[in-house]
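The values are calculated or read from the model by the stated rules, or taken from the named source; none is laboratory data. Keep in mind that what you see is a predicted model, and the values were worked out from it rather than measured. Glycine gets a Cβ as well: all are built from the backbone with ideal geometry, and neighbour counts include every protein chain shown.
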Amino acid sequence: MSFFNHTKNALVLAAACFVLQACSGTTASDTVSNTTASPSEIEVAGILAYTQAQVNKSLAEIPAYDSIPRNISPGQKQWNYVTINDWTSGFWPGILWYSYESSGDEQIKEKAIAFTEALKPILVQNKWDHDLGFMYYCSYGNGYRITKNPAYKEVLLAAADSLVTLYNPKVGTILSWPGMVEKMNWPHNTIADNMMNLELLFWAAKNGRKDCYDMAVSHAEVTMKNQIRPDNSMYHVAVYDDKGGQFIKGVTHQGYADNSMWARGQSWGIYGFTMCYRETGKEEFLETAQHLADKFIERLPADMVPYWDYDAPNIPDEPKDASAAAITASALLELSTMGDNQELQDKYRTTAERIIASLSSDRYLSKDQNNAFLLHSTGHWPNKSELDVPIVYSDYYFIEALMRLKRLNAGEKVATL
Ligand code: GLY
């Protein structure tokens, strides 16, 4: 059997006992054994049951709807909270929507609504940065997908209207970080992460804001041209002349070096170009997503979870970034349904399953240690912040990947947003 063959309905995992217990109605802490693990087959439902138990533990602790989980410090069980203005504020409501979708638990739905609607005031402020896409699409986007509440549609359109004010027609991309223009002397800057937030624009284009489509396509095309290096790794930041539109240089902000492959930046690119192909059907975006994915996979360590930067100097003594693994797993599941190259499709599906399996092992699950789903993410190594800790967006893309796998196993479309 070739390496790329996969079993459709099961993951090969090193935590079989965990799932059997989760499925039999035990508590989250019971579900986790210290099994060392001979590989066994595991059902996605069991891991989803674990995520729901962790969500309930978090919900029991969160003091208010404007206290949003962001990360967990070493040795601590509970989340550190941020306000609604933090760039990560949409992920927690998004987790709740996925958790409701997975479980049908009406109490979680009520919480999803409350945490989503707590974010509405963000838009009162004038101009944000590209993160508006993360903040609103993960929260209101999932909420609208599931409830079709027309008020959510209005909020999403207002968020898109705000996001496109950052579009520079000379460059053809969105200005990702207005705050960095003077601070870093980056007159127009566009970051790999920004690829994710084109999804809000594609959604808006289908819901009455037709010109958002051209802006999103242009952004992806210009990014494809300038921000991907000949070896198919991505610059974190592309700096452009804001008046003439010329590409000036590629640099990093959160990676190890300007020319290194920052793991999460590569993940945002894989996910973003995959989504752009879904929304446009343009072959160039599919090929780009495949090239970025191939690069990410080719250099993965044996446990399928990258170090925070592929070129960090002290591998294997560098922190891992489980968030990059989770984002990529989710993206690869969608990429595995695209194009007509069966060998590539199988490779992406198998790799996604192996990443999910690794993240679902004793090494990566938080279990009783704290209330998150996953351990071992790295937020901002150059700033020495969030090193090797649970981070909320890691959990968001992990539960999204599980839901996508569940849909794939059921023969349904992988992406529903
Ligand atoms: N979008 C910011 C980050 O990935 O850390």
Among the residues listed as Asn149, Asn142, the single one being surrounded by fewer than 17 Cβ atoms within 10 Å (Cβ to Cβ), modelled with pLDDT of 95 or more and away from the ligand (no atom under 16 Å from the Cβ): Asn149
From the options Met184, Met180, Met215, Met195, residue that is out of contact with any Lys or Arg (no Cβ under 9 Å at 6 or more places or on another chain), crowded, with 18+ Cβ neighbours inside 10 Å and farther than 30 Å from Gly143 by Cα: Met180
Any chance Ala204 is touching a Ser or Thr at 6+ places or on another chain (Cβ under 9 Å) and either within 16 Å of the ligand (Cβ to nearest atom) or over 17 Å from Tyr271 (Cα atoms) (or both): no
Residues (farther than 24 Å from Asn207 by Cβ and among the polar types (S, T, N, Q)) located in segment 381-417: Asn383, Ser385, Ser394, Asn409
First in segment 165-183 and on the phi > 0 side of the Ramachandran plot, second anywhere and β-branched (Val, Ile, Thr), Cβ under 7 Å, 6 or more apart: Gly172/Val222
Helices (runs of 4 or more DSSP H) completely within segment 312-417 that count 1 or more residues being within 16 Å of the ligand (Cβ to nearest atom): 322-335, 392-409
Candidates Ser260, Ser267, filtered to the one that is more than 19 Å from Glu221 (Cβ to Cβ), buried (at least 24 other Cβ atoms within 10 Å of the Cβ) and of a type in the set (Gly, Ala, Ser): Ser267
Matching strands (runs of 3 or more DSSP E) fully within segment 1-118 where at least 1 residues are at pLDDT 50 or above and among the hydroxyl-bearing types (Ser, Thr, Tyr): 80-82
Some residue of segment 126-136 being under 20 Å from Ala204 (Cα atoms), among the hydroxyl-bearing types (Ser, Thr, Tyr) and within 16 Å of the ligand (Cβ to nearest atom): yes
Any hit, segment 290-298, residues being aliphatic (A, V, I, L, M), within 24 Å of Ser176 (Cβ to Cβ) and touching a helix residue (DSSP H, G or I) at 6+ places or on another chain (Cβ under 8 Å): yes
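Results for (1) modelled with pLDDT of 95 or more; (2) within 16 Å of the ligand (Cβ to nearest atom); (3) on the phi > 0 side of the Ramachandran plot; (4) of a type in the set (D, E, K, R), shown as yes or no for each residue.
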residue	(1), (2), (3), (4)
Pro187	yes, no, no, no
Ile191	yes, yes, no, no
Lys210	yes, no, no, yes
Tyr213	yes, no, no, no
Ala216	yes, no, no, no
Ala220	yes, no, no, no
Thr223	yes, yes, no, no
Tyr240	yes, no, no, no
Met261	yes, yes, no, no
Yes/no for Ala293 being crowded, with 18+ Cβ neighbours inside 10 Å and either on the phi < 0 side of the Ramachandran plot or of a type in the set (Phe, Trp, Tyr) (or both): yes
Failed item in (1) in contact with a helix residue (DSSP H, G or I) (Cβ under 6 Å, 6 or more places away or on another chain); (2) within 30 Å of Lys57 (Cβ to Cβ); (3) among the polar types (S, T, N, Q), with Gln369 passing the rest: (1)
Any hit, segment 242-251, residues being under 20 Å from the mean Cα position of the chain (by Cα) and away from the ligand (no atom under 12 Å from the Cβ): no
Residue count for segment 319-344, restricted to those that are of a type in the set (A, V, I, L, M), surrounded by fewer than 24 Cβ atoms within 10 Å (Cβ to Cβ) and under 19 Å from Ile399 (Cα atoms): 0
